[in-house]
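Okay, so here's the structure we're looking at.
The values are calculated or read from the model by the stated rules, or taken from the named source; none is laboratory data. Computed from a predicted structure; not experimentally measured. Positions of Cβ are backbone-derived with ideal geometry, glycine not excepted, and every protein chain shown enters the neighbour counts.
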Amino acid sequence: MTDFNDIVAEYDQIKDNPETIDQIRVKDNQVKGIAADSAQKRVNCLPTAEEHHKLQQKYAEMFDKSSRAGAKHNGGGLILPGGRKNFADFHDNFTGTGRIAKKQEAPAIPEGNAPKVDTPQISVVLYKRCIDCGEAVSKSEFVYDMDYVPPRDRFPGELEKWKAVGLKPGMIIGTFFCLNCVAEFKKERMRIVNDPIKSALQVNGPDGLPTTLAALEAETLKHKHRQRTRENIIAMIKVERNDPMSDCFYGEARLRN
């Protein structure tokens, strides 16, 4: 078995004979063909004498003292001697930017064929008080939310309440919560969801499908919270309707005498 001493001994035999080393170690691994940095290949990449002369004339005029002195910049401090077109051509030819394909922009949709989207506007903004606790909302600490007047076929019993405050199904209402109410609701919900006994206990939901007691109670909490805040919204709108100086109503929701 060959060991380090054998390798040293072999090296001592051939170290003074570089031709033998070249023949054994290098000859079979030589790269065939013309070298990448050969003069022949470099000449083939250069422009012809006529092209070189034209470029020389063009950029000599572009970068002479008078052109640079009178050149304008693009607003960001970049000087463009000879104009924007010559500047762009120079970079395309000499800095490689022309090799990168320009991103194709999506074709513009003709105005006549543009899709028509009916985006409902907000009709009421209750910005003065939290719709949960009723306290004044801080301008720097609040959570913005939205509600809407439900369709008549979903909550037929509620329609009269909304009509009484001058709102119609589909109208959108901007609302505000104080941070404390948001935190308390999340805390109560997490207490229910993370209860190990309620999370393991299987029950049937309102739709008859199996669920956990924790999920059922969390959904009930959400439903009761929504009912309570909707009642508060209607009560707040009544107050604003009685204020002739109220600025909470927009569009169709604004009553005109």
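Tabulated values for the structure
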| read-out | value |
| --- | --- |
| Elements of type strands (runs of 3 or more DSSP E) in the stretch 167-221, at least 3 residues being of a type outside the set (Val, Ile, Thr) | 172-177 |
| Residues (basic (Lys, Arg) and either buried (at least 16 other Cβ atoms within 10 Å of the Cβ) or not assigned by TED's automatic domain parsing to the domain that holds Tyr127 (or both)) located in the stretch 210-240 | Arg230 |
| Single residue of Tyr144, Tyr250 found to be at pLDDT 90 or above, under 35 Å from the mean Cα position of the chain (by Cα), hydroxyl-bearing (Ser, Thr, Tyr) and closer than 15 Å to Lys128 by Cα | Tyr144 |
| Residue in the stretch 183-198 that is basic (Lys, Arg), under 30 Å from Pro120 (Cβ atoms) and surrounded by 12 or more Cβ atoms within 10 Å (Cβ to Cβ) present | yes |
| All positions within the stretch 241-257 that are in a helix (DSSP H, G or I) and surrounded by 15 or more Cβ atoms within 10 Å (Cβ to Cβ) | Arg241, Ala253 |
| Among the residues listed as Glu141, Glu135, Glu160, the single one being free of Cβ contacts under 8 Å to residues at least 24 places away in the same chain, charged (D, E, K, R) and surrounded by fewer than 17 Cβ atoms within 10 Å (Cβ to Cβ) | Glu160 |
| The lone exception for Lys65 - which of (1) under 30 Å from Glu240 (Cβ atoms); (2) modelled with pLDDT under 70; (3) of a type in the set (Lys, Arg) it fails | (1) |
